[in-house]
1. Quote the charge dipole size of the chain about the Cα centre in Debye, to the nearest 20; the model charges only the Cβ of Lys and Arg (+1) and of Asp and Glu (-1).
2. Hey, any idea what % of the stretch 123-277's accessible area is carbon plus sulfur with a 1.4 Å probe?
3. Is the shape of the stretch 144-225 best called rounded, prolate or oblate, per the rule: a/c under 1.5 gives rounded, else a/b larger than b/c gives prolate, else oblate, with a ≥ b ≥ c the square roots of the Cα gyration tensor eigenvalues?
4. With springs only between Cα atoms under 10 Å, which of 18, 221, 104 fluctuates most in a Gaussian network model of the chain?
5. Under a plain spin-label model, where a point goes 7 Å from the Cα along Cα-to-Cβ, how far apart in nm are residue 84 and residue 148?
6. What's the extension gain from residue 15 to residue 195 if we count 0.36 nm per residue and subtract their Cα-Cα distance?
7. So who's got an amide H within less than 5 Å of the one on residue 68, skipping anything under 5 residues away but keeping other chains? H placed 1.01 Å off N, in plane.
8. Excluding residues fewer than 8 places away in the same chain, name every one of the lysines whose C-alpha is closer than 22 Å to that of residue 158.
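The values are calculated or read from the model by the stated rules, or taken from the named source; none is laboratory data. Small disclaimer: the values here were computed from a predicted structure and weren't measured. Here the Cβ positions follow ideal geometry from the backbone for every residue, glycine too, while neighbour counts run over all protein chains shown. Areas reflect the complete protein model, heavy atoms only, side chains present, ligands, DNA and RNA absent. Shrake-Rupley method; radii C 1.70, N 1.55, O 1.52, S 1.80 Å.
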Amino acid sequence: TYLQVAQPALSRQVRSLEVELRQPLLDRNGRGVTLTEAGKRLLAHARGILQQVERARDDLEDQRGAATGRLAIALPPSVSRALTGPLVKAFREQLPRANLSVVEGLSTYALEWLAIGRVDCAVVYNVTPSPAIDLQPLLDEPLYLVSARQGRGPRIGKPISLREVAERELVIPSRPHSMRMLLEAALANEGCRARVALEIESVPAMLDLVLQGGCHAVLAENAIRTSGHPDAFQLQPIGPPPLVATLWMATSAQRPRGPLIEQGTALVKSLLQQPWG
């Protein structure tokens with residue numbers, strides 16, 4: 001086999017691990033084998049451990065001062081669609097001895113991946129400070145109420161107050177998504193609550209539901225610019241004061257920051273501060 005381990009021996013090793021952990025890791029049936037929920041969680045930890053071993057080798061190489069090895073970065077979906085292309089191009093030009101891995105995920109998941117070592121750094125929205133995470137502010141993005149555009153109406157509409165936003169049926173992520181928490185905190189300061197029509201984690205799915213009519217979303221303009229059909233939406237600035245989401249660069253405070261992480265995060269920061277999307 002690819003692992004150079006015979007099937008019976010591999011089965012015994014998996015079974016021994018299940019006995020040690022006191023729960024099944026594989027669901028065995030007539031159609032084959034699939035991971036249980038416990039198996040999926042263990043797989044995520046195992047990948048993180050293997051990447052930390054690889055990172056240890058890279059860290060020893062970093063003593064020479066060269067940015068070598070592999071940099072894994074997590075990006076929010078709205079940022080990933082616009083930034084991945086320019087980032088890959090700039091990374092290859094400026095860090096030719098290193099490899100780049102881009103993972104797309106919401107901020108909540110990105111911080112989990114950072115904690116278990118699956119990624120080296122993450123661009124996240126409105127993260128809560130933690131002793132385990134080092135944070136650097138990258139960019140402030142105004143948020144808009146996003147609606148289906150009617151006829152030839154303006155793409156950027158008149159500003160809308162938070163109280164008016166509270167009257168709209170919203171398609172928003174579930175808690176504890178950072179954008180959801182930011183909006184609810186702002187509404188609470190006005191004595192209002194969000195009218196949640198649907199909880200959706202996927203930005204493209206949210207926009208599809210908005211286009212069907214009747215629902216609205218609260219997003220940064222970049223999510224609309226990278227949607228593939230930005231002219232189909234109308235955006236209304238929220239405020240005054242404007243509702244703003246802050247992008248942060250998150251790295252682990254518990255692992256060393258070698259030249260690759262330093263140079264890679266600086267590259268991301270420089271790209272985000274340029275016109276993008």
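1. Computed charge dipole of the chain: roughly 480 debye.
2. On the way: 3940 of 7500 Å².
That fraction is 52 percent.
3. Working: a/c = 1.73, a/b = 1.26, b/c = 1.37.
Note, shape of the stretch 144-225 comes out oblate.
4. 18
5. Reported label-point gap for residue 84 and residue 148 is 2.8 nm.
6. Values: separation 180, 0.36 × 180 = 64.80 nm, distance 4.87 nm.
Net length gain for the segment: 59.9 nm.
7. Amide H neighbours of residue 68, under 5 Å, 5+ apart: 260.
8. Cα-Cα hits under 22 Å: none found.
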